[in-house]
Structure formats: structure tokens, C-alpha cells
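Everything on this sheet refers to the single structure shown next.
The values are calculated or read from the model by the stated rules, or taken from the named source; none is laboratory data. Everything numeric in this text was worked out from a predicted model, so none of it was measured. Counting neighbours? That spans all protein chains shown, and the Cβs are built from the backbone with ideal geometry, glycine included. Calculation scope for accessible area: heavy atoms of the full protein, side chains included, ligands and nucleic acids excluded. Shrake-Rupley method; radii C 1.70, N 1.55, O 1.52, S 1.80 Å.
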Amino acid sequence: MASLSRSSFYNYNVQSDVELKVSAPGKIILHGEHSVVYGKLALAASLGLRTKLHLYEIDLPNKLVLNCLPLDFEYVFDLQELIEELLDKPIAITSHPSSFNWESPKLVNHQSLVEIVENVAVEALMNINPAPNRAVVQTVMGVLYLFAGILSSTSVSLCPMRIIIDSDISMGAGTGSSASFSVAFAALFISYLKRKTIGSKNVSKDGFKPFYWPQADVDVLTHYTSGELDRISDWAFQCEMLFHGTPSGLDNTVCTFGNLVQYRKNHSTTHLTLNTPLTLLLVNSKEPRETKKMVAAVAKLKEDFPHLVEHILEALEDLTVNASGVIQKIDTAAVAGDGAGLSNGFNKWKTLIEINHSLLCSLGVSHPKLDKINRILDKFGLSGKLTGAGGGGYVISVIPPSYDPKEVIRVLKKNGFEVTVTKLGGPGVRVD
């Protein structure tokens with residue numbers, strides 16, 4: 001069903017005017033990691049780093065070509081076989097087909113669909129030598145999961161196509177690479193569906209819940225409507241379950257809607273707006289994260305010292321609430337051109353960042369490399385904290401508007417760390 005080539009990708013001629021480009025941001029947790037597991041507030045933000053997808057129809061008969069630049073692979077699928085295996089067969093859902101259409105991702109029987117997609121992926125990749133690594137297999141499964149889930153109930157007529165994946169986001173480093181990927185592909189397939197069926201009286205196949213594009217949405221191909229963003233986030237959450245089992249829903253929400261998000265488990269999310277994106281240093285410790293180990297270690301600590309750890313978690317909750325207010329005041333000062341207010345806000349946030357890292361250290365989730373990064377930042381008048389599960393991964397440091405980070409970046413790199421300068425709180429998924 002598929003062939004694989006590496007390093008040298010082929011060029012394919014564009015066959016029609018159907019060409020789509022979409023992108024979705026990565027994310028970081030600013031405050032509230034670990035405490036969010038226990039029902040406390042978390043504050044997350046989108047990054048200027050993005051997953052970028054480019055789809056266009058090609059002149060290669062009966063093929064779906066998938067290029068992944070970050071993982072350096074190209075797959076050429078037999079499109080008709082994909083249609084027969086993933087679109088023509090009954091989709092795995094928990095309801096009668098008459099209650100399901102592409103807008104109903106929560107009705108998908110997730111485990112059954114995963115098994116179907118896994119069988120197709122394994123068959124496609126089984127004769128490839130050397131065998132693809134786990135990241136490649138998961139990438140293919142994620143694409144096929146959303147391809148099947150979104151398109152199987154529709155009457156869309158597929159043409160041969162090429163999809164190119166590119167990304168600024170490091171995989172497995174706590175910056176939302178899988179959520180950004182899931183959001184971008186959900187958006188891409190929804191855009192493709194809309195482009196191909198915009199004039200249809202009923203997009204759904206016979207037997208499925210009818211669907212047509214509302215008249216108000218017919219001419220909206222350059223951005224996503226509010227309802228489409230909700231569906232993109234919902235489909236991305238389904239795909240995140242494929243990658244992570246039991247995701248919180250925070251990552252796909254941030255990568256869909258962008259900017260800042262306040263999140264508490266089992267509560268509705270609150271969206272905050274940064275009118276002036278902030279500059280952020282992402283410092284990679286190059287120490288692999290150990291998410292499960294870190295989460296288990298905090299759980300064990302809480303079991304051994306329940307009252308003590310609860311006080312730490314409450315302190316993290318209070319800190320996150322305070323930080324949310326300080327960040328909003330910084331944004332207000334930036335918009336108003338209030339230099340004194342801006343300086344005061346950054347000083348308060350700097351203190352909160354230092355306290356946050358110390359509290360996380362008290363939970364045992366830091367690492368000597370993360371602490372070394374913070375000592376270097378401190379020498380240059382900056383503060384940093386780990387982001388995500390800890391035990392490795394990234395330290396984040398917010399840069400005041402008038403600060404030149406060139407020298408601290410040079411020293412961090414001299415000490416063996418990777419540094420990325422990006423923006424905090426930018427747009428969510430979009431048509432590019």
C-alpha cells in the first residue's frame with residue numbers, strides 16, 4: 001500500500017486549483033504543571049513555533065503522497081486502498097449512523113478506530129527496510145486516524161494529493177508537538193472537505209446524519225468559524241488520545257485557539273488575550289523528559305506526606321492566579337505605552353517565576369541541568385522555570401521589552417544548551 005524513500009523527495013505537478021496551507025502553534029505551560037493533575041489551575045500559552053501543512057492535488061494517479069520533513073520520510077499510499085479500508089467500510093462509532101456526521105467526533109469508538117488505523121498502518125509499513133521508528137509509525141497513524149474520522153461519513157470525492165508536513169517544534173520536549181500536529185491535520189482535512197463540498201446540499205453519505213455548510217460559512221475559506229474551531233479542537237483531542245492515552249484537553253485547546261488559556265480539570269476553559277505577544281527564551285536542557293516517572297514521583301510524595309504536599313499544591317494554585325493577573329496588567333501597560341507599569345509588572349512576574357520553580361523543586365521534579373540553566377539566567381538578571389513534567393526538557397524565561405538577550409544566549413549555548421527565541425501568546429490554528 002505504501003512505499004518509502006528518504007532524504008530525496010520527488011516533485012509532483014499540481015493537478016488542480018485545490019491547494020491548502022494551514023498551521024497550528026506549539027504550546028507551553030507557564031504555571032500550574034503538576035498541580036493541574038490535582039484539580040488546581042494551570043495557565044498555558046501558544047508559541048510562535050508552528051506545525052505547517054501544505055496540501056495540493058497532483059497528477060500522480062491514485063496516490064496519496066505524505067512527506068514529513070522533520071522525520072525525513074516520504075510515503076506513497078495507494079489512494080483507492082485507503083478509501084476502501086478507511087472510508088468505505090462502516091466507521092467505528094458508538095451510535096447509530098443516523099446520529100453521526102463529521103461534526104460528531106465524540107461519537108467515535110476511539111479504541112476500535114485506533115485498531116483499524118493500526119492494522120492499515122502496519123500493513124502499509126511492514127515491507128519497509130529498515131523498519132520505521134515509533135515516531136514515524138505514530139505520525140502515519142495520526143494522519144490516517146483523522147483522515148478516516150473526518151471523511152468516512154462524507155461523500156467527498158478524493159483526488160490524488162500530496163501533503164507536506166513541516167514543523168518548528170521539537171518532538172517530545174513538552175512544547176505541544178503532538179497537539180499542534182493533531183490540530184493542524186484536523187484543520188487541514190476539514191478545510192479540504194469544505195473546499196470540495198461547498199455547494200453540496202448534503203455532505204453526508206446516505207444513512208448518516210445530514211450536513212450542509214451554512215450559507216454564512218460558504219464564502220469563509222480564509223479562516224475558521226467559531227464552530228469549526230470547536231470541531232477542530234474536538235478532533236484533535238481524539239487524535240491526542242491515540243498519542244497519549246488520557247490527555248487533559250489543555251494542549252489541543254491552546255493549539256486551536258492560541259493566546260493564553262486558563263485550565264482546570266473538569267471545568268470549562270477560560271481564554272485570555274495578549275494584545276502584545278511577549279518574547280520568550282526556550283532553553284533545551286537536552287535531558288530527556290520522564291513524564292510518567294515525574295508524575296508518579298509527585299503522587300508518591302503526596303501519598304507519603306499528604307498535608308505537606310497539599311500545601312505546596314495550594315501555593316501553586318495561588319501563584320497561578322496571581323500570575324494570570326500580573327500578565328494581564330503587563331499587557332494593559334504595553335498597549336497603553338505605560339513604561340513604569342510594564343517594568344513593575346515584569347518585576348512581579350520575575351519573582352513569581354522564581355517562586356514557581358522553587359515550589360516545583362520541592363516536589364522533586366527538577367534536574368541539575370535545569371537548575372544550572374536557571375543559575376545562568378539569574379547572572380544576567382533573568383528568571384526561569386521548568387515547563388511541563390520536569391526531570392529534563394525545557395526551561396522558559398520571559399524577556400522584558402528593552403532587554404537584549406544576545407549575551408545570555410551565547411553563554412547558554414557555550415554551556416551546551418540549545419536556545420530558541422520565540423513569541424508567547426500568538427494566533428491559534430489558521431489558514432496560511
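In table form, for the structure just shown:
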item	result
log₁₀ of I(q)/I(0) at q = 0.09, 0.16, 0.19 Å⁻¹ - region 86-237, Debye sum with one point per alpha carbon	-0.30, -0.95, -1.30
Value of Rg to Rh for region 45-105 (Rh from inverse mean 1/r over Cα pairs, i.e. Kirkwood)	1.09
Distant alpha-carbon pairs in region 209-358 (separation over 18 angstrom), percent	74
Cut-off 13 Å between beta-carbons: net charge of the residues surrounding PRO277, Lys and Arg +1, Asp and Glu -1	0
Whole-percent pair-distance distribution, where bins are 5 Å wide, for the alpha carbons of region 208-297	2, 10, 13, 17, 18, 19, 11, 4, 3, 3, 0
Cβ-based net charge around PRO306, under 13 Å, with every Lys or Arg adding one and every Asp or Glu removing one	-2
Under 5 Å, built H, 5+ apart or other chain: amide partners of THR154	LYS205
Förster radius 41 Å - calculated FRET efficiency between SER268 and GLN80 (Cβ-Cβ, nearest 0.05)	0.45
Probe 1.4 Å, all protein chains present, accessible-area order of CYS68, CYS159, largest first	CYS159, CYS68
For region 148-255, diffusion coefficient by Stokes-Einstein and Kirkwood Rh (Cα), 20 °C, 1.002 mPa s, µm²/s	142
Radius 12 Å from Cβ of GLY39, net charge of other residues (Lys, Arg +1; Asp, Glu -1)	0
ASP404 accessible area, 1.4 Å probe, all protein chains in place, Å² to nearest 10	100
Extension gain (nm, one decimal) between ALA135 and LYS286, 0.36 nm per residue minus Cα-Cα	52.5 nm
Area of LYS350 that stays accessible when all protein chains are in place (1.4 Å probe, Å², to 10)	60
Scaled radius of gyration (Cα, divided by 2.2 N^0.38 Å) that region 132-180 gives	1.39
Hits among lysines - C-alpha to C-alpha of LYS406 under 29 Å, sequence gap 8 or more where chains match	LYS27, LYS52, LYS286, LYS329, LYS348, LYS350, LYS369, LYS372, LYS379, LYS385, LYS414, LYS423
Cα pair distances in region 315-429, grouped into 10 Å bins until the bin that holds the longest one, percent each	13, 42, 36, 10, 0
